[in-house]
1. Between ASP129 and THR26, with labels modelled 7 Å along Cα→Cβ, what's the label distance in nm to one decimal, could you check?
2. For GLU104, put the label point 7 Å out on the Cα→Cβ axis and report which residues of segment 61-85 keep their amide N under 20 Å from it.
3. With respect to the cross-link table entries LYS58/LYS137; LYS84/LYS121; LYS31/LYS60, which display a Cα-Cα separation exceeding 28 Å?
4. Which of the listed residues, CYS149, SER18, ASN162, is farthest toward the dipole's positive end in the chain, when Lys, Arg count +1 and Asp, Glu count -1 at the beta-carbon?
5. Along the charge dipole of the chain, pointing to its positive end and built from +1/-1 on Cβ of Lys, Arg, Asp and Glu, which listed residue (LEU29, LEU85, VAL127) has its Cα farthest out?
Amino acid sequence: MATISSMLPYEILNMIMSFNLTPTPTALLIKYRFSERYYGIRTIYEINVMKEEMEKAKEKYDEVCSETRKERSECYKRISELEKLCAAQCKTSNRGCFHSNEIECEEDNVEDLDRYESKYKSIYESVKDEYRKELSKKEGWEDEYNEECDRDCQDWNERAYNMY
């Protein structure tokens, strides 16, 4: 694979490197405008791309929920069956319960499914919030959006406080 330094003569490369090139003000504006840290109003085309990303994330989240719902149901069914076997068999024997490991394993599977589902929910919520934030700027209801976010944050903090 050829590099620029291998394609250009050494003198020309030194001459190019010797120029102290600084970006023009227009180039800096363009760089700022299309960076991830841009806080101004996005175009409708950019907002539509964000909407498509949100819809894809929602579809993936719904798909994951459907899959995990089935698997979670099967895990709970196996737990129920193991608990019935445990009540019938382990109480009559003096050796102790050997079903508890299997029950614990199924409960761990349920927790794993919850974490998996939560991951995709978090992705969807993040993309949705970003889309709504940009849409609120574009349509002029940014203050209402910010108030709604503040209320949600306060509600979450109150629920977290009341849990303890």
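1. About 3.9 nm, to one decimal.
2. 75-85
3. In this structure, LYS84/LYS121; LYS31/LYS60 exceed 28 Å between Cα atoms.
4. SER18
5. Of the options given, the answer is LEU29.
The numbers here are math on the coordinates, done by the rules we state, and not lab data. Source: prediction; values computed, not measured. All Cβ positions, glycine included, derive from the backbone under ideal geometry; neighbour counts span all protein chains shown.
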